[in-house]
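> Sending over a structure as structure tokens; questions will come in a sec.
The values are calculated or read from the model by the stated rules, or taken from the named source; none is laboratory data. Model, not experiment: these values are computed from the prediction. All Cβ positions, glycine included, derive from the backbone under ideal geometry; neighbour counts span all protein chains shown.
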Amino acid sequence: MAADEVLSQFKQSEEKKEIKFDKKFKVGIIGTGWIAEAHVESYKNMPDVEIVAGADLIDGKAEKFFKRFGVENVRCYPDHKSMLENEELDAVSVCTYNATHAECTIDALNKGVNVLLEKPMCVTIEEAADIMRAEKKSGKVLTVGFQPRGDENMIKIKEIVESGVLGKIYYIQTGGGRRRGIPGSTFIEKKTAGVGALGDIGCYSLDMVLNAIGYPKPLTVTGYTSNFFGTSTEYYPPEDANRFDVDDFAAAFIRLEGGIILDFRIAWAMHLDTPGDTIIMGTKGSLRIPSTECWNGTVGGPMKIYHDVAGSMVETVIPVIPSNGSLFDKKIRSFLDAIKNHTPAPVPTSQILYNQAIIDGIMKSAQAGKEIEIQIPEI
Ligand SMILES: NC(=O)c1ccc[n+]([C@@H]2O[C@H](COP(=O)([O-])OP(=O)(O)OC[C@H]3O[C@@H](n4cnc5c(N)ncnc54)[C@H](O)[C@@H]3O)[C@@H](O)[C@H]2O)c1
């Protein structure tokens, strides 16, 4: 299925806002694989955008890609460096596999180009810090591509927490998974993906709850990773199983600043339907967020708040809010508007640094076989 079809499955109405602009953004696409399709489809919906350049390491891939999407007069390059050298761009989408996120983003920022970077931010915490240093030096907009942030139900979760109805939050359980759903392709080798399910879908589960509670600093982590499914020819063809060297399952117990415990698990494959709903427990109430078919960018059903009213234990149902437009269009639009209006990045690296620190911490703790302290680098 095409990327845009999958990612826009919650789209109900196409409201076209009128956008005032005095010039067109000159946009370049770095990496013309699967997710670049959704970027191009959304950029095409923006009247103030002209896609002028694209780059991919695979010979001829970028040319075929733009032809397939009917985008004409795009100059194609064999890598991001030659594209940045030869073009005067306002913005780029970094749609490469995780292992080259840092390099492409830093090079673009150093050339004074605004960046929409696909999730996860990168692979290691050191890379995340280098990206943020380049961002700071450049003064350009850098946003990380977590499109579920635009989903009304995700916004509602944050509103519920911020309303105070849950009281002080002290424990969160989050994560999700698929019974059998390893993506294959460039996602299953360290040399391209760097990290497996943990980075691919784990970053979303972490963002859902951390964003709701204001991204407190992570302090310590006990992490576990395994890959019993991806490496097994019982479940996957030998051509995939024999090169699989990332995680397909991860679990962790994380202490956050403010006395909050985060209990997390994520799976690309397992003998189970779901490793559980997301729950946010507070002193005045708790919120249950039904797990999704991992990961489709919204909630899996009506949420419930468990609380006491006048001495009675009651449950308040929060109905699912229908989508009001493509999450990808919102993600691209919010990036362009931040550049245009000189406003902060919609999904700032100052938050996602903590998301990346947890992912990095889980990998390091799993390797060490013990709890570790999370060190946040100075930027
Ligand atoms: N936001 C979402 O919903 C969503 C969904 C799927 C994937 N993603 C993310 O998007 C990224 C890409 O995923 P994909 O499925 O498109 O992968 P992919 O392997 O299909 O495409 C990546 C492309 O990047 C190219 N590339 C790598 N380094 C490059 C460089 N230095 N210069 C130019 N091209 C380079 C590769 O040759 C490849 O064609 C991943 O980080 C993934 O996590 C996001």
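> Scan the helices (runs of 4 or more DSSP H) fully inside the range 143-228 and keep the ones with 2 or more residues being within 23 Å of D248 (Cβ to Cβ) and either within 12 Å of the ligand (Cβ to nearest atom) or touching a Gly at 6+ places or on another chain (Cβ under 6 Å) (or both).
Filter on the range 143-228 gives 197-200, 202-212.
> On the given criteria, is T192 touching a helix residue (DSSP H, G or I) at 6+ places or on another chain (Cβ under 7 Å), surrounded by fewer than 24 Cβ atoms within 10 Å (Cβ to Cβ), under 18 Å from D240 (Cα atoms) and of a type in the set (S, T, N, Q)?
yes
> Further question: Restrict the check to the range 339-353 and report whether at least one residue is assigned to a loop (DSSP other than H, G, I, E, B), farther than 23 Å from I213 by Cβ and touching a residue at least 12 places away in the same chain (Cβ under 8 Å).
No, the conditions are met nowhere in the range 339-353.
> With the condition kept exactly as written, say whether any residue in the range 306-317 is of a type in the set (F, W, Y) and either in the same structural domain as P120 (by TED's automatic domain parsing) or touching a residue at least 24 places away in the same chain (Cβ under 8 Å) (or both).
Taking every residue of the range 306-317 in turn, none turns out to be of a type in the set (F, W, Y) and either in the same structural domain as P120 (by TED's automatic domain parsing) or touching a residue at least 24 places away in the same chain (Cβ under 8 Å) (or both).
> Please work out which residue is surrounded by the fewest Cβ atoms within 10 Å (Cβ to Cβ), limiting yourself to the range 114-130 and to residues that are free of Cβ contacts under 8 Å to residues at least 40 places away in the same chain and in contact with a Ser or Thr (Cβ under 7 Å, 6 or more places away or on another chain).
Among those residues, the one meeting the criterion is V115.
> So the check is Cβ under 8 Å with 6+ separation or different chains; which pairs have a first residue in the range 48-60 that's over 30 Å from D337 (Cβ atoms) and touching a residue at least 60 places away in the same chain (Cβ under 8 Å) and a second one that's more than 10 Å from the ligand (Cβ to nearest atom) and of a type in the set (A, V, I, L, M, F, W, C)?
Hits for this filter: zero, empty list.
> Identify, from the list T174, T105, T96, the residue that is modelled with pLDDT of 95 or more, surrounded by 20 or more Cβ atoms within 10 Å (Cβ to Cβ) and in the same structural domain as V299 (by TED's automatic domain parsing).
T174
> Let me ask something additional. Please verify whether the range 214-225 includes one or more residues that are on the phi > 0 side of the Ramachandran plot and surrounded by fewer than 21 Cβ atoms within 10 Å (Cβ to Cβ).
yes
> Here is a follow-up. Check whether at least one residue in the range 59-78 is in contact with a Pro (Cβ under 9 Å, 6 or more places away or on another chain) and in the same structural domain as D337 (by TED's automatic domain parsing), and report yes or no.
So far as the range 59-78 goes, yes, one or more of its residues are in contact with a Pro (Cβ under 9 Å, 6 or more places away or on another chain) and in the same structural domain as D337 (by TED's automatic domain parsing).
> How many residues are closer than 12 Å to V347 by Cβ and touching a Lys or Arg at 6+ places or on another chain (Cβ under 9 Å) when one looks only at the range 139-159? Spell out how you get there, then give the answer.
Taking the range 139-159 first, the residues closer than 12 Å to V347 by Cβ are 141-150, 154.
Subsequent filtering for residues that are touching a Lys or Arg at 6+ places or on another chain (Cβ under 9 Å) retains 143-147, 149-150.
Qualifying residue count, the range 139-159: 7.
> If you don't mind, there's one more thing I want to ask. If I filter the range 226-241 down to residues being under 18 Å from G199 (Cβ atoms) and among the polar types (S, T, N, Q), which single residue comes out as surrounded by the most Cβ atoms within 10 Å (Cβ to Cβ)?
N227
> For the subset of the range 54-71 comprising residues that are outside any helix (DSSP H, G or I) and within 9 Å of the ligand (Cβ to nearest atom), which member is surrounded by the fewest Cβ atoms within 10 Å (Cβ to Cβ)?
The selected residue is I58.
> Here is a further query. Identify, please: which residue in the range 85-108 is out of contact with any strand residue (DSSP E or B) (no Cβ under 8 Å at 6 or more places or on another chain) and over 19 Å from G196 (Cα atoms) and is, among those, nearest to the ligand (Cβ to nearest atom)?
Within the range 85-108, the match that is nearest to the ligand (Cβ to nearest atom) is E103.
> Within the range 278-305, restricting attention to residues that are free of Cβ contacts under 8 Å to residues at least 40 places away in the same chain and over 15 Å from L166 (Cβ atoms), which residue is surrounded by the most Cβ atoms within 10 Å (Cβ to Cβ)?
The selected residue is G300.
> Output the number of residues of the range 114-138 satisfying the condition of being under 19 Å from the mean Cα position of the chain (by Cα) and more than 13 Å from the ligand (Cβ to nearest atom).
Total meeting the criteria: 11.
> In the range 26-34, is there at least one residue being in contact with a Pro (Cβ under 7 Å, 6 or more places away or on another chain), more than 20 Å from R333 (Cα to Cα) and within 12 Å of the ligand (Cβ to nearest atom)?
no
> Considering only the range 252-266, state which residues are touching a residue at least 60 places away in the same chain (Cβ under 8 Å), buried (at least 20 other Cβ atoms within 10 Å of the Cβ) and among the aliphatic types (A, V, I, L, M).
Of everything in the range 252-266, those that are touching a residue at least 60 places away in the same chain (Cβ under 8 Å), buried (at least 20 other Cβ atoms within 10 Å of the Cβ) and among the aliphatic types (A, V, I, L, M) turn out to be A252, I254, I260, L262, I266.
> Kindly establish whether K111 is surrounded by fewer than 23 Cβ atoms within 10 Å (Cβ to Cβ), among the basic types (K, R), more than 9 Å from the ligand (Cβ to nearest atom) and at pLDDT 95 or above.
When the stated conditions are applied, K111 passes them.
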